[in-house]
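> Please find one structure pasted underneath; my questions will follow.
The values are calculated or read from the model by the stated rules, or taken from the named source; none is laboratory data. Keep in mind that what you see is a predicted model, and the values were worked out from it rather than measured. Neighbour counts run over all protein chains shown; Cβ positions are idealised from the backbone, glycine included. Surface areas here come from the heavy atoms of the whole protein model, side chains and all, with no ligands, DNA or RNA. Shrake-Rupley method; radii C 1.70, N 1.55, O 1.52, S 1.80 Å.
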Amino acid sequence: MKKIISIVFLGLIITSNSMAYEEANYEVVKKNEVYEIRKYSDRLAIETDISNQGSSFRKLFNYISGNNEDNEEIKMTTPVTQMEKKGNMTMQFYLPSKFNKENTPVPSNSDVKILNIKGGYYAAIIYSGRASDKNFIKHKSILENELKKDEILILSVPIKATYDGPFTLPMNRRNEAIFEINIENKGEI
């Protein structure tokens, strides 16, 4: 029951203002029929370990809702990302571009951490449908196989990125599987 309530809560939050969200900024440097390669700049995010999706989302949402040392409300951004770090699954929200290390409010909850996500090159496959683990694993595998076929070195674990809440029609949802990559030896990019 808690999981259902959490999913409903997440859906209402993400769906209510989806058109107003700032998205992590990137430049597409190469695109083919399967994936695109993006160049991201450094960006700030907040992160927490995933104990269960609802509570992790809630911790991050509480931070941007003013549960921080400055009691400052912060606009939601997209995507919400998930990845494995040191054997634990984590969830991240990117902070709006107006924030930097000096003006980012300190979290009140010690489970929420501020981190700098380093810029670089990332390969992304975009897909619609549910943001289920099964759908993510399928698309992550497609991307991984294509990158290996194209002899592009993968530098990170897979990153799951979701842009829409669960009440968005599946065919209208934007989800992504992403890997950080090394393209230094790829002259065509």
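> If I compute solvent accessible area with a 1.4 Å probe over the protein chains, what percent of it on the stretch 55-189 is carbon and sulfur?
Carbon-and-sulfur percentage of accessible area, whole number: 48.
> Order these peptides, 147-158, 111-122, 170-181, by their mean beta-carbon neighbour count within 10 angstrom, highest first.
170-181, 111-122, 147-158
> Separate question: Accessible area per residue of the stretch 35-130 at 1.4 Å probe, in Å²?
48 Å²
> Each residue of the stretch 77-94 in order: what ³J(HN,Hα) in whole Hz does its phi give by Karplus 6.51 cos²θ - 1.76 cosθ + 1.60, θ = phi - 60°, with x for Gly and Pro?
10, 10, x, 8, 10, 9, 7, 8, 9, 6, x, 10, 7, 10, 10, 10, 10, 6
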